[in-house]
There are 2 protein chains.
Amino acid sequence: MASSSSLTLSQAILSRSVPRHGSSSSTNSQLTPSSLSLPTFSGLKSTPATSSFRRRILPSAAACRSPSIRASAAVETLEKTDNALVEKSVNTIRFLAIDAVEKANSGHPGLPMGCAPMGHILYDEIMRYNPKNPYWFNRDRFVLSAGHGCMLQYALLHLAGYDAVREEDLKSFRQWGSKTPGHPENFETPGVEVTTGPLGQGIANAVGLALSEKHLAARFNKPDAEIVDHYTYVILGDGCQMEGISQEAASLAGHWGLGKLIAFYDDNHISIDGDTEIAFTEDVGARFEALGWHVIWVKNGNTGYDEIRAAIKEAKAVTDKPTMIKVTTTIGFGSPNKANSYSVHGSALGAKEVEATRQNLGWPYEPFHVPEDVKSHWSRHIPEGAALEAGWNTKFAEYEKKYPEEAADLKSIITGELPAGWEKALPTYTPESPADATRNLSQQNLNALAKVLPGFLGGSADLASSNMTLMKMFGDFQKSTPEERNLRFGVREHGMGAICNGIALHSPGLIPYCATFFVFTDYMRAAIRISALSESRVIYVMTHDSIGLGEDGPTHQPIEHLASFRAMPNVLMLRPADGNETAGAYRVAILKNKTPSIMALSRQKLPQLSGTSIEGTAKGGYIISDNSSGNKPDVILIGTGSELEIAVKAADELRKEGKAVRVVSFVSWELFDEQSAEYKESVLPAAVTARVSIEAGSTFGWEKIVGSKGKAIGIDKFGASAPAGKIYKEFGITAEAVIAAAKQVS
Amino acid sequence: MASSSSLTLSQAILSRSVPRHGSSSSTNSQLTPSSLSLPTFSGLKSTPATSSFRRRILPSAAACRSPSIRASAAVETLEKTDNALVEKSVNTIRFLAIDAVEKANSGHPGLPMGCAPMGHILYDEIMRYNPKNPYWFNRDRFVLSAGHGCMLQYALLHLAGYDAVREEDLKSFRQWGSKTPGHPENFETPGVEVTTGPLGQGIANAVGLALSEKHLAARFNKPDAEIVDHYTYVILGDGCQMEGISQEAASLAGHWGLGKLIAFYDDNHISIDGDTEIAFTEDVGARFEALGWHVIWVKNGNTGYDEIRAAIKEAKAVTDKPTMIKVTTTIGFGSPNKANSYSVHGSALGAKEVEATRQNLGWPYEPFHVPEDVKSHWSRHIPEGAALEAGWNTKFAEYEKKYPEEAADLKSIITGELPAGWEKALPTYTPESPADATRNLSQQNLNALAKVLPGFLGGSADLASSNMTLMKMFGDFQKSTPEERNLRFGVREHGMGAICNGIALHSPGLIPYCATFFVFTDYMRAAIRISALSESRVIYVMTHDSIGLGEDGPTHQPIEHLASFRAMPNVLMLRPADGNETAGAYRVAILKNKTPSIMALSRQKLPQLSGTSIEGTAKGGYIISDNSSGNKPDVILIGTGSELEIAVKAADELRKEGKAVRVVSFVSWELFDEQSAEYKESVLPAAVTARVSIEAGSTFGWEKIVGSKGKAIGIDKFGASAPAGKIYKEFGITAEAVIAAAKQVS
């Protein structure tokens, strides 16, 4: 019964995501993963990083054609796979990439041609996965941080037997509606873990994936049951290395000692503008050693299969540090006239050069052909993968029997099913509850959710005490305490966002949050956009959300940020006004499991308002008070967040003067947009054009809500350094201004 | 005559910016700058970076009180200044910071208290500047990258005699309208070079400042006239070090060999969340060595004056590498109960602890008091500074006589006055000119401007051949060819933007441009915002500006970016449609000398349209064709950039059907906003509510232009990977859609 229960678990995820072919439960023999048949350590040593690293071995055409020359360099052979077949498989990968790019007349053949050897070894010899269930929980994760080289990954997924990438998918590379878009997209292609392309994001995602493994393993593994146990592999290129985000993430990976993170640095010395010598001469190996990584140099990434294997073995032996394997390759390896030049980076080779490359590598086959022996060799991954998953399912069934509570938590993390009744944990407030900053109210919610959501974890970019993000019942996730759930990101906003994307995409029930000042979303906007695009439920806890932060001044005061995120697709921008709305915002953020949410929260105290509610918040815009009848107020006052209080005050005054005034809280434009036309008309009737909005931010976009006859009160210039009250007054964000505007428009 | 001419030059700048006090020309004696009186090399060596770097020396209260104990550590003494006076000056700086933060009850006393020694030595002994002309061209530049510690800089500017920071300014720290805002702002406080606070920006600005010096020196210095010759100093903290942007900028600084960049890393081991051990354990020294920097460790930054002096001397002796001086300090040094803790980082000490600190440091004075001997000691900087500038003016006068052409160019760079007739260089086009991508047309403009603007320089983040940004008459700015003007930033968008801010703020006539794909403005948004806030004329050349880039897919296709920048204050967002508009956009970008501009440019070919013009572009929105009369078209079609062509096509069809159609190009919302109400009415008459806009981006904000009865055609979801034409069709960005909408609204 336990067994069937755990099978159900993985099958449930599978059935949600990909059509299954064959039953994974039918194969249950203990196949040895090929990763166990690695050669013994070949004497390769971690090479001290010096500037001589920069020397590279260029392939001669003769070397390409003659396996015997390569064999002399590769002193060891793999028992189960002869090198000629490996070579053939590697060339299959190269030509699948060449052919797909050629057919699309668009794409990046250079990286797949250079990285095919490491790609082959990873997917054919090292990684544990189940091609027929790309979402099997305990799979090894692979991230192609240099996402432009996606044909490498598509070729590997194809050979490994993933259903998402069949021959016809390779042939429709970069075409409308295909499963093989121009950069890897997790939401398009099962088997792709994260969305990459914007450089540096992938390595940071990989840090998030490896963090998740380390955390879950520490929480759930038992001396007699290693139920969480996988590696995270990533390939990154020179471009990723230059991006600051990769430095941020790598620094944290070293700090956290993510021993099961193994990064391959495709050191091909070529970027779009030519030789990396023109802009990138730092000693990358020495830098990573300074960051606390184990560094290995594979000098011949083009044909040094045993070097690559030995490096992986060495990397696995180092369990307290992440490993960077610098693999020197030739971009476009095999192309006689374009290899080692930028021209092979981002364009099709062209028919003539494709032919020359076929000649050079001795490849007689038609485009997209996978030779039978290669096909046959790779075919074992389907039964092996099924066996791996089945073995794990058996293990999980035993675990569940012995540790039912832990198993229930882990199951919730694996499936993403929220524990029953979790919403009851959310705090509620009355107008009599004490005034408080929404950042503090946010912390009450975070702490409430931490108790009921097993996959809830997060932290701040060195502003925990300002963002109010500590979960008080937990300690810090650190190298030696990975079971804890408070993450300390340091002042690294961009890396933080991308790491959270990795966490969110590791398992459906992991719900990461991360925090900084709202204005510093500018530092992490590229990661937030990837959250939105890749459907990662990351909760961005963004405090100090306006001029209300006061003295720190314009560098710290967001003005245009609300508008800038309202314009971004698939982001839920929430600006709660008080306790109930903050709770309502967290409720929606948890429920929207394919959408990141951004909470804009105040530094300053705000009163608990009458009429606010969790239910109202879910609608995005709703009436919190109204003394009109027949859906015909004289004027509608619309506020968000800290300015809703001002709208309420203005309404009180106007009502004293006999006006029929409706006050609408507009906590989230996106949620309001989702409502029925009827509901919208009940809140903002078309006939009532007398509308005034107030928000301490850019008025850009507000015409949509207040109409051309209404008035938007806001701030369309940079802020100022002074006490908050003074700035509000000087900038005209006041009840008096609302009253004046209301009289003007009604 | 030459002399008076060069005096006029610096005075002209001065008079534009700050009121002058006394005449700098009256003092002409050759005073020896105190930097020349440094002690001989003390034997301090560049320390190999190891993890033992992390040990720090904590001050005992006794050590604080007893100068004799410190004297034993400081083996050398400065000839001209006795250490007791230095100590007093350092404590003056500390207490000015303490008192100002205390009075404001807001601010960051910790850094100024820890960094006062290095601050004192820099401003009193090392730096060359003229307090009465903060804009003197050849001054040393100082950047406080850890901008929250701005009271350090305000105290130093005050002591040095800058007019912007008088005692009353210190007393109005962080108050409305003061010259001493919560973070350093160049546009508020003459003497502050750049705007900092958002961490990591300042060190990248400093790289831009140092690059500018190296470039101008290489271009203009002669064997007999070193007319450009200054250092750039920067203080950065742990927070700056953690930010990816600082890694990007530091990697480039090492690559470029910016030998006159000297960075002080305030290694105080404390960030807001507590000890940096919780998130920052990398070996910073080793990392910088890997980046090609010279690294020195000053172990006692609290009282080791001679160590600091010797380190600066060593740094200056290394001319082919930038130097990082890691200065171990105690945050809040002198505060008996709060030093070395995060509580002293960002809050006032409180009256009790201020008193305890006064006791501890033996400071009997009233708040804000500068002891007479300290005042007298610092007072020499006014005559010395005047002499330095006068000496330089004499030198420049000689230079001008010998090298009139170079002097004219340099003068234009120094003053920002554009050479007469520069606008004539801009290319113009007719409808018969060949269709072309605006990125290519942009390159024609860049190359035209490069010939006429001596201070024009820039480059791309490894996309020069895609962004089309190379200036063909120049080579690459590199370590050994610093006189060249094509900058190679590598894949480092954020660093690139901030470096360009530094270049723009180095001299009024330096006009930097930088480039990447438009979507990757997300990586550099924080730097762009600083451009806007700090009034830096940086030109952002952003190509591949829509789904029109095609196959690269949604990670590379901007959607919300136009809206997000239209919402940002003081940014000129320009989206030209063809050659004339591209030229017009560059013209405006050059003329708006206190505003950054963003060019959104197409990857795909666009026709040269009838009716577009440089003059029209300057108005932001203008009529390019109209068959109506009496300012009463049946419908107004509004397009931007690559979609203006679609509006034109739709108009042609509608006119065939007898409609009176106006086509408006809306190349820049900000420029249109600046026009008179009358002009606006002539383009978009209030009576004509039948309006259709088309833009391949978010419709967010377009209600303002098309009104509630109009229709905005755009894209409110993420893009797709496919050939561009296919995506346009599938997303409904077509003439057919415009025609249908026009019929619907009119």
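The values are calculated or read from the model by the stated rules, or taken from the named source; none is laboratory data. Quick caveat: nothing in here was measured; it's all calculated off a predicted structure. Ideal geometry is used to build each Cβ from the backbone, glycine not excepted, and the neighbour counts take in all protein chains shown.
For segment A:250-283, a tally of residues being outside any helix (DSSP H, G or I), under 26 Å from the mean Cα position of the chain (by Cα) and within 8 Å of chain B (Cβ to nearest Cβ) returns 2.
Show me the helices (runs of 4 or more DSSP H) found entirely inside segment B:512-627 where at least 1 residues are within 26 Å of residue A:182 (Cβ to Cβ) and out of contact with any Gly (no Cβ under 7 Å at 6 or more places or on another chain). Show your work before the answer.
On the way: elements: B:525-533, B:561-566, B:579-591, B:614-618.
Correct list: B:525-533, B:561-566.
Of all residues in segment B:81-122, those satisfying the criterion of being within 14 Å of another protein chain (Cβ to nearest Cβ), touching a Leu at 6+ places or on another chain (Cβ under 7 Å) and farther than 13 Å from residue B:345 by Cβ are B:100, B:102. Answer yes or no as to whether residue B:459 is within 10 Å of chain A (Cβ to nearest Cβ), crowded, with 23+ Cβ neighbours inside 10 Å and assigned to a strand (DSSP E or B). Here the answer is yes, as residue B:459 does meet what is asked. The set of residues from segment A:216-249 being within 14 Å of chain B (Cβ to nearest Cβ) and in a strand (DSSP E or B) comprises A:236, A:237. Candidates are the residues of segment B:604-621 that are crowded, with 21+ Cβ neighbours inside 10 Å and in contact with a strand residue (DSSP E or B) (Cβ under 6 Å, 6 or more places away or on another chain); the one that is farthest from residue B:434 (Cα to Cα) is B:621. Any idea how many residues of segment A:449-479 are free of Cβ contacts under 8 Å to residues at least 24 places away in the same chain and within 25 Å of residue A:406 (Cβ to Cβ)? Residues flagged as free of Cβ contacts under 8 Å to residues at least 24 places away in the same chain and within 25 Å of residue A:406 (Cβ to Cβ) within segment A:449-479 amount to 2. For the residues B:521, B:481, the requirement of being polar (S, T, N, Q), modelled with pLDDT of 95 or more and closer than 24 Å to residue A:495 by Cβ singles out B:521. From the list A:703, A:695, A:678, A:736, the one residue that fits, being more than 9 Å from chain B (Cβ to nearest Cβ), surrounded by 18 or more Cβ atoms within 10 Å (Cβ to Cβ) and not aliphatic (A, V, I, L, M), is A:695. Look at segment A:332-359: where a residue is of a type in the set (D, E, K, R) and a partner is surrounded by 24 or more Cβ atoms within 10 Å (Cβ to Cβ), sitting 6+ places away or on another chain with Cβ atoms under 6 Å, you get A:338/A:332; A:338/A:344; A:353/A:335.
I'm checking my understanding of the structure. Among residues of segment A:284-325 that are within 9 Å of chain B (Cβ to nearest Cβ) and closer than 25 Å to residue A:116 by Cα, which one is surrounded by the most Cβ atoms within 10 Å (Cβ to Cβ)? In this case the residue turns out to be A:288. Say whether the condition of being over 20 Å from residue B:516 (Cβ atoms), at pLDDT 95 or above and within 14 Å of chain B (Cβ to nearest Cβ) is met by at least one residue in segment A:198-205. Within segment A:198-205 (the criterion being over 20 Å from residue B:516 (Cβ atoms), at pLDDT 95 or above and within 14 Å of chain B (Cβ to nearest Cβ)), the answer is yes, since at least one residue qualifies.
Scanning segment B:660-673 for residues that are more than 13 Å from chain A (Cβ to nearest Cβ) and under 31 Å from the mean Cα position of the chain (by Cα) yields a total of 5.
At pLDDT 95 or above, under 32 Å from the mean Cα position of the chain (by Cα) and among the small types (Gly, Ala, Ser): is that true of residue A:610 in this structure? Here the answer is no, as residue A:610 does not meet what is asked.
The set of residues from segment A:638-669 being of a type in the set (Asp, Glu) and farther than 16 Å from residue A:578 by Cβ comprises A:652, A:653, A:657.
Give B:548, B:553, B:579, B:584 a once-over and let me know the one that is out of contact with any helix residue (DSSP H, G or I) (no Cβ under 9 Å at 6 or more places or on another chain) and small (Gly, Ala, Ser).
Answer to the selection: B:553.
If you filter segment B:534-584 down to residues that are away from chain A (no Cβ under 12 Å) and of a type in the set (Val, Ile, Thr), you find that the one that is surrounded by the most Cβ atoms within 10 Å (Cβ to Cβ) is B:582. Whether any residue in segment B:374-385 is of a type outside the set (Lys, Arg), without any contact (Cβ under 8 Å) to a residue 24 or more places away in the chain and surrounded by fewer than 18 Cβ atoms within 10 Å (Cβ to Cβ) is what I want to check. Yes: segment B:374-385 contains one or more residues that are of a type outside the set (Lys, Arg), without any contact (Cβ under 8 Å) to a residue 24 or more places away in the chain and surrounded by fewer than 18 Cβ atoms within 10 Å (Cβ to Cβ).
Cβ contacts < 6 Å: first residue more than 10 Å from every other protein chain (Cβ to nearest Cβ) and within 22 Å of residue A:228 (Cβ to Cβ), restricted to segment A:480-504; second residue outside any loop (DSSP other than H, G, I, E, B) and hydroxyl-bearing (Ser, Thr, Tyr), any location; separation 6+ or different chain. Result? Sorted first by the residue in segment A:480-504, then by its partner, the pairs are A:501/A:531; A:503/A:212.
Let's see how each residue does on (1) closer than 20 Å to residue A:477 by Cβ; (2) in contact with a strand residue (DSSP E or B) (Cβ under 6 Å, 6 or more places away or on another chain):
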| site | (1), (2) |
| --- | --- |
| A:396 | no, no |
| A:421 | no, no |
| A:430 | no, no |
| A:437 | no, yes |
| A:459 | yes, yes |
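From the list B:323, B:319, B:281, B:276, the one residue that fits, being hydroxyl-bearing (Ser, Thr, Tyr), at pLDDT 95 or above and within 30 Å of residue B:343 (Cβ to Cβ), is B:281.
If you check residue A:267 against the conditions, is it modelled with pLDDT under 95 and of a type outside the set (S, T, N, Q)? In short, no. Residues that are within 11 Å of chain B (Cβ to nearest Cβ), on the phi > 0 side of the Ramachandran plot and surrounded by fewer than 24 Cβ atoms within 10 Å (Cβ to Cβ) occur at least once in segment A:166-187. Residue-level check: of (1) in a strand (DSSP E or B); (2) under 18 Å from residue A:574 (Cβ atoms), residue A:647 misses just (1). Contact annotation: residue pairs with Cβ atoms under 8 Å, 6 or more positions apart or on different chains, pairing a residue in segment A:274-296 that is in contact (Cβ under 8 Å) with a residue 24 or more places away in the chain with a partner that is of a type in the set (Asp, Glu) and assigned to a strand (DSSP E or B), are A:284/A:267.
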